[in-house]
Amino acid sequence: WRDDSSRAAYADCLSAAVCEILSASGQYVLHAAAIAAPTQAGPQIVLLVGRSGAGKTTASLALHGEGWQLLTDDAAFVATDGDAPTVWGLPRPLKVHRNTLALLPELSGLTKGPPVGDEFSLPYEEVAGEFVGKALPVAAVVALDERSAGDHVLTPIDPTEAVCQLVERNVAVRDGLRREAA
């Protein structure tokens, strides 16, 4: 991009083009974290969906500390061309909030460079596992609600409600109008 151009506009254009190319091959982008749960039958993907700031990165990194493998903390690619959906993740640096570093101090030594606002950059390679770039089956979807200071509660939701939440959290809203899904 040109020096005087908006980096955000460039990123939006590039993202839209990549999304269109992927959708032509039956792959769709979700604003979600994807983590691989270690099971006897092999890795099973759990998608964590939620708005920005809901805790996808924090939950992913906490589970990583318990032996789960991180595929992505922000952009999961879902392929729908088989019997069951599979997911692969976008390997890019993680933006880790200072509150997450306070909760998971073992990550502090892995961050690179000065913070931007309240966020630190954590190189993906520092937390990536052996499943980078591999498409794995989806075992579960967890919808994270807004951040709260209270107790955390795990509440099963109806599959229809889960789909509604996925749509709501993955369709861009501009000037009160909905655009096509990413």
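Among 72-80, 125-133, sorting by the average number of other beta carbon atoms lying within 10 angstrom of each residue, highest first, gives 72-80, 125-133. Protein heavy-atom surface of the range 80-127, 1.4 angstrom probe: 57% of the accessible area is carbon and sulfur, with nucleic acids and ligands not counted. Site pair residue 160 and residue 17 shows an inter-label distance of 4.1 nm when each label is modelled 7 Å from Cα along Cα→Cβ.
Quick check for me: using +1 on Lys/Arg Cβ and -1 on Asp/Glu Cβ, what's the dipole size of the range 30-126 about its Cα centre, in debye to the nearest 20?
On the way: 6 positive and 10 negative charges, 52 e Å.
So the dipole magnitude of the range 30-126 works out to roughly 260 debye.
Is the shape of the range 35-88 best called rounded, prolate or oblate, per the rule: a/c under 1.5 gives rounded, else a/b larger than b/c gives prolate, else oblate, with a ≥ b ≥ c the square roots of the Cα gyration tensor eigenvalues?
Judged from the Cα gyration tensor, the range 35-88 comes out oblate (a/c at least 1.5, b/c at or above a/b).
Modelled spin-label separation between residue 145 and residue 126, with each label point placed 7 Å from Cα along the Cα-to-Cβ direction: 3.2 nm. Computed over the range 47-134, the range of Cα coordinates on each principal axis works out to 43, 27, 22 Å, biggest value leading.
The values are calculated or read from the model by the stated rules, or taken from the named source; none is laboratory data. This is a predicted model, so every value here is computed, not measured. Heads up, the Cβs are rebuilt from the backbone with ideal geometry, glycines too, and the neighbour counts pull from every protein chain shown. The area values use the complete protein model at the heavy-atom level, side chains included, leaving out ligands, DNA and RNA. Shrake-Rupley method; radii C 1.70, N 1.55, O 1.52, S 1.80 Å.
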